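Structure incoming, see below.
The values are calculated or read from the model by the stated rules, or taken from the named source; none is laboratory data. Note that the structure is predicted; figures quoted are calculated from it, not measured. Note: ideal-geometry Cβ built from the backbone for every residue, glycine included; neighbour counts use all protein chains shown. What goes into the accessible areas is simple: the full protein's heavy atoms, side chains included, and nothing from ligands, DNA or RNA. Shrake-Rupley method; radii C 1.70, N 1.55, O 1.52, S 1.80 Å.
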Amino acid sequence: MTSPVHGPAGLSTTSSHSADPERLADELSRNVQRWFGRSLHIRTIDTGSCAACESEIRLLGAPHYDLHRLGFFFTPAPRHADLLMVTGPGVRAMDPALTKTWTAMPEPKVVVAVGACALGGVYPTDAFTHGAIDKVLPVDVYIPGCPPSPIALLHGLLVAVGRLVDRVGAQPFTTTTTGPAAASPC
Amino acid sequence: MTSRTTAGPRHNPVLAELATGIGSPQPLGHDSGTLHFTVTAADLEHFTHRLAETAGARLADLFAATGDPPDQVVLNMLWALDADDAYLLIQTQLRGENYPALSDIAPAAFVEECEIFEQFGVRPAGDKPLNRVAVPPQADHDIPRLGAAPRHVDGEVHAPHAVGGHAFEFPFGPVRASAQESLYYGLVTSGEEVVDLYLLTWHKYRGLEWRLQGMLPDAALFYVERAEGLSAVAQAWAFAAAVEHATGLRPDPGASRTRALALELERLYNHAAAIAALCQATGLSVGQAGAEIALERLLRVNAAVFGHRYLFGVVGIGGAQRAPDLGPLQTELPEAVAELRAVCRLLSGTNSFLDRLEATGILTTEQAVRLGLVGPVARAAGVAIDARNQHLQPPYDDVAVHPAQGTTGDVLARYQTFLAEIDESARLISELARRGATAGGTTSPRKAGSGLGWAESPRGESLAYVELDGDGSIRRARLRPASARNWRAFDDACRSQNVFTDIPIIEASFWLTVAGTAR
Amino acid sequence: MSLWFLRGLRRGVVTTRYPKTPPDPWTATLPTPPSFVTDRLDIATADALVAVCPPAALRREGLELVYDVGACTACGRCLVVADGAAVPSGQIELATQRREDLVKRVAIEGGVQ
Ligand code: SF4
Ligand code: SF4
């Protein structure tokens, strides 16, 4: 099994929202290319979604999000895929297909669990479902949401390639009546 | 409350005829729109024949439930009497492991016969081979079922299909193109032509009906919405209405308009998505981009109005959990719809697009009736069924719907049905918003009862049936999204003189989900 | 086809500038997982939240509410019963490489009733 993939050291992890957009997009796709030697290719697999997560993933390629500008492309061939987006709670009947897809992908590969189902939020572990994707595959990035919006998906993909730092670990998700407790967002 | 005053046999010749000898059908639960009666297993065949011969009677669903005593099975046959604003539930207590082969009389029953065999171990008489519906073949772990497992399972069959002659089978799936649901096509081809096609849908079966057992309806709603996320509103409405009919709850008019608003928003974004998929399947990338822009804007309107892009959490038992923010309906929605119409106008003037749709994936009226199809697929084939105006419930008793209708039954007719329905949904939304929409009433009383609920999803009639125990928990819940109905015509549509590059076009025009059928 | 071309030009640019800019303003309408107001949270409220949460994203361990943001569907049911003890967090950039980072322990500071 792979170790979690972190962005190679030395790549600037930028979460600043100030640089020129074209330059930033360029830099992103250059970094992605440097790391993977080419553009980054995404394969998706559904392990029992309700179809809403798929709908949001499809929209990543639509004009409002235009995933290509960041150097990501969808590919139907696992052998050309660097990153696997998995939706659904891991229905056991999909195990053979899931394993086959994952095994066919060349190293280094990144697994992204997409949505509350894939993170263990909707279905329990039982005879039908594993209940969460990290019970079946080594997951590198988790994207919460039901479904995660395309913006949340973009954030997750950029975290996956080390282009954005994840900040959720520092968020307490608490507040008090007199104001936000501890660290406030951003 | 509803414009329906009587739905008794007195006023309905079909029912009066049927009821001869068994007494009058009774309303199911607190709902005059659904009648039920009990027939013996010996009479079942006879009644099925009579209904199948009745014009305007449509087999809407067939499902089983655990009987009393629990080692017996109750067969529930649901007919829609579309011309009479009524559903008719015929319940039969089965003895033994067989019942008459209903699909020999009403072919629309076949998929459900297979399903009932898997879940309850009872099968239609005769040795007709039954397909696998939900239980995967490699299920060495024992899959929980709604009833007793079959004692003996046939080998792998794909009835009624057979490979012969020069044709060969080309397996495709379950992992398909990017961001598509898991689905397996067994494509039988002689090189280019589609000789035959069968689907395997068990890859993502999540056992939802099994999961709902024992839950309280409020908690169950969470899963009902996730059975088919792209018709969360319709399925949740059907389920909530079933619980309301079982317990005698009546949503107030404002809350029923909230549901209808959400339902029409659901239709708009789904039709936009279907049109984007049609463009993609025909290789029209500029059209696809245009339709996707409209789709994204519609989803943002959903978020602005109801706080969720896919409208989860809007419907509640007895009403609506959220009130809409009507502002964006007046500003952003008209712009998004105008955007969609502009794209469609261009598409409708693009011959290379229309040529791919015309005479592709044809379903005849006869096929649509025989298989009990619903929604745009049925309407495009000339079958005028729409639960919004044939099975009246608030708010549609106040707000009339003019359903679309086609005749040619091809992909083009489905596309044109989408266009007409986009206009009608936009009109309905402004009318509903003008009358005001509120939240309210979201817990169900803890009492026993049975009920049927329905709503017209973007894909067609969604149904739900519940039996509640005395503590208000679910004894049996049946979910029947439109997808569970319409996939059965997909092979017919693909087979009609098509080459296999037409399949993605046909799939886009059906706009079904696998989640809905493998629920 | 020329119509299509003109239309392409007329559309202008709709593409988000994210991640260069913060998420677009419309994303404020998206559902987000709750934040808990610790001093309004007592045991009874915490237990009510746990009971209403459909995906079991919440559980109580003594005087702590264990909250799995990853399992949360942002369904908003807890907001309804919380009586002000839960508010939407407004967070949408939630992806992480460490699953455990999504599990929060929230102190129940509103006392035992
Ligand atoms: S996470 Fe939510 S939206 Fe995504 S597949 Fe699961 S239920 Fe559907
Ligand atoms: S929003 Fe829903 S899923 Fe999330 S914690 Fe609250 S009740 Fe649970």
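Between the stretch B:361-409 and the stretch B:245-304, how far is it from one alpha carbon centroid to the other, in angstrom?
First find each Cα centre; the distance between them is then 18 Å.
In a shell of Cβ-Cβ distance under 12 Å around B:H271, excluding B:H271 itself, what net charge do Lys and Arg (+1) and Asp and Glu (-1) give? List each step's numbers first, then the result.
Values: positive: B:R267, B:R341, B:R414, B:R459; negative: B:E264, B:E266, B:E421, B:D423, B:E424.
Counting the neighbours of B:H271, the net charge comes to -1.
How much length would be gained if the chain were fully extended between B:A359 and B:D127, taking 0.36 nm per residue of separation minus their Cα-Cα distance, in nm to one decimal?
Values: separation 232, 0.36 × 232 = 83.52 nm, distance 3.71 nm.
Working it through step by step, the gained length comes to 79.8 nm.
Right, another one. Enumerate the whole-percent occupancy of each 10 Å bin, from 0 to the last occupied one, for all C-alpha pair distances of chain B.
The distribution over chain B is 4, 19, 31, 28, 15, 3, 0, given as percents.
What is the packing order of peptides B:278-288, A:142-152, A:113-123, taking the mean over residues of other C-beta atoms within 10 Å and listing the highest first? Mind showing how you got there, number by number?
Values: B:278-288: 20.7, A:142-152: 27.1, A:113-123: 30.2.
Put in order of decreasing packing, that is A:113-123, A:142-152, B:278-288.
OK, next. Run the dipole for the stretch A:21-170 about the Cα centre, Lys and Arg Cβ at +1, Asp and Glu Cβ at -1, nothing else charged, and hand back the magnitude in debye, nearest 20.
On the way: 14 positive and 14 negative charges, 65 e Å.
About 320 debye.
Using amide H atoms built in the peptide plane, which far-off residues or other-chain residues are under 5 Å from B:A64 H to H?
Result for B:A64 returns B:N76.
Something else now. Provide Rg and Dmax in Å for the protein assembly as shown, with only Cα atoms included in the calculation.
Final numbers for Rg and Dmax: 26.0, 85 Å.
Let me ask something else. With a Cα-only, solvent-free Debye model of the stretch B:307-366, what are the log10 I(q)/I(0) values at q = 0.14, 0.18, 0.25 Å⁻¹?
For the requested q values the scattering log ratios are -0.73, -0.82, -1.03.
If you don't mind, there's one more thing I want to ask. Note down the nm distance, to one decimal, between modelled labels 7 Å out along Cα→Cβ at C:R60 and at B:R427.
Roughly 5.4 nm, to one decimal.
How crowded by other chains is C:31-40, given as the mean number of beta carbons from other chains within 10 Å of each beta carbon? Working shown, then result.
Working: counts 10, 4, 7, 3, 8, 6, 7, 7, 6, 3.
Mean number of neighbouring Cβ atoms from other chains: 6.
Give me the distance in nm between label points sitting 7 Å out from Cα along the Cα-to-Cβ direction at C:A28 and B:F170, one decimal.
Each label point is offset 7 Å from its Cα along the Cβ direction, giving 5.2 nm.
Need one number: convex hull volume per residue for the stretch B:382-469, Cα atoms only, in Å³. Kindly include the intermediate steps, with their values, before the conclusion.
Details: hull volume 10.1 nm³, N = 88.
Output value, Cα hull per residue: 115 Å³.
Right, here's the next one. Taking the mean number of other Cβ atoms within 10 Å as a proxy for protection, how do you rank C:21-29, B:290-298 from highest to lowest? Can you show the working numbers first?
Values: C:21-29: 15.1, B:290-298: 25.2.
Order by mean packing, descending: B:290-298, C:21-29.
Output wanted: per-residue J couplings in Hz (rounded whole) for the stretch B:64-78, from phi through Karplus 6.51 cos²θ - 1.76 cosθ + 1.60, θ = phi - 60°, x for Gly and Pro.
Taking θ as phi minus 60°, the curve returns 10, 9, 6, x, 10, x, x, 8, 9, 10, 9, 8, 10, 10, 10 Hz for the stretch B:64-78.
Shielding of B:291-298 by partners, i.e. mean partner chain Cβ atoms within 10 Å per residue?
Numbers: counts 1, 8, 5, 0, 5, 8, 3, 0.
The per-residue average across the peptide is 4.
Using a probe radius of 1.4 Å on protein heavy atoms only, what is the accessible area buried between chains C and B, both sides summed, to the nearest 100 Å²?
Protein heavy atoms only, the C-B interface buries about 1700 Å².
Counting Lys and Arg as +1 and Asp and Glu as -1, what is the net charge of the other residues whose Cβ lies under 15 Å from the Cβ of A:I57?
On the way: positive: A:R43, A:R58, B:R176, B:R309; negative: A:D46, A:E54, A:E56, A:D66, B:E181, B:E292, B:E296.
My count for the surroundings of A:I57 gives -3.
Right, something else. To check you understand DSSP bridge types, tell me what percent of the beta bridges within the stretch A:21-170 (both residues inside) are antiparallel, rounded to 5. The partial results should precede the final answer.
Numbers: 1 of 17 bridges.
DSSP beta bridges in the stretch A:21-170 are roughly 5 percent antiparallel.
Express in whole angstrom the spacing between the alpha-carbon centres of the stretch A:54-87 and the stretch B:419-487.
Value for the Cα centre distance between the two parts: 34 Å.
If I fit a long axis through the Cα atoms of helix C:2-11 and take the longest principal axis of the Cα atoms of chain C, what angle between them do I get, 0 to 90°, rounded to 10?
The angle comes out near 50 degrees.
If a paramagnetic tag sat 7 Å from the Cα of B:D68 along the Cα-Cβ line, which residues of the stretch B:453-496 would have the backbone N under 17 Å from that point?
Within reach of a label on B:D68: B:466-477.
OK, next. If you take the C-alpha gyration tensor of the stretch B:218-514, multiply each eigenvalue by 5 and take the square root, what semi-axes do you get, largest first, in whole Å?
Equivalent-ellipsoid dimensions as semi-axes: 32, 22, 15 Å.
For the stretch C:23-107, would you read off the P(r) tail past 23 Å as a percentage of all alpha carbon pairs? Working shown, then result.
Values: 660 of 3570 pairs.
Taking all Cα-Cα pairs of the stretch C:23-107, the fraction more than 23 Å apart is 18 percent.
Give me the accessible area per residue for chain B, probe 1.4 Å, as a whole number in Å². All intermediate terms of the calculation are to be shown ahead of the outcome.
Values: 17160 Å² over 519 residues.
That works out to 33 Å² per residue.
Quick one: helix C:43-52 against the long Cα principal axis of chain C, what's the angle to the nearest 10°, folded into 0 to 90?
So the helix axis and the longest Cα principal axis differ by about 50 degrees.
Oh, and also: If you roll a 1.4 angstrom probe over the protein chains with everything in place, what fraction of the accessible area of the protein assembly as shown belongs to carbon and sulfur, to the nearest %?
On the way: 15450 of 28590 Å².
Within the protein assembly as shown, the accessible surface is 54 percent carbon and sulfur.
Quick one: Cα centre-to-centre distance for the stretch B:488-519 and the stretch A:131-161, in angstrom?
Spelled out, the Cα-based centre of one part sits 30 Å from the other.
Between B:R475 and A:R79, what is the label-to-label distance in nm when each label sits 7 Å out along the Cα-to-Cβ direction?
For B:R475 paired with A:R79, the spin-label model returns 5.7 nm.
I would also like to ask the following. Run through the DSSP bridge list for the protein assembly as shown and note the antiparallel percent, rounded to the nearest 5.
Working: 66 of 91 bridges.
Approximately 75 percent, going by the DSSP bridge assignments.
Oh, and also: Under 5 Å between amide hydrogens, which residues at least 5 positions from A:V111 or on another chain qualify, with H placed 1.01 Å from N in the peptide plane?
Close amide H contacts, sequence-distant or interchain: A:L84, A:D140, A:V141.
A further question on this structure: What's the average, rounded to a whole number, of partner chain beta-carbon atoms within 10 Å of each residue's beta-carbon in B:213-223? Intermediate values should be presented prior to the final figure.
On the way: counts 0, 0, 1, 0, 0, 3, 5, 1, 2, 7, 5.
For peptide B:213-223, the averaged partner shielding equals 2.
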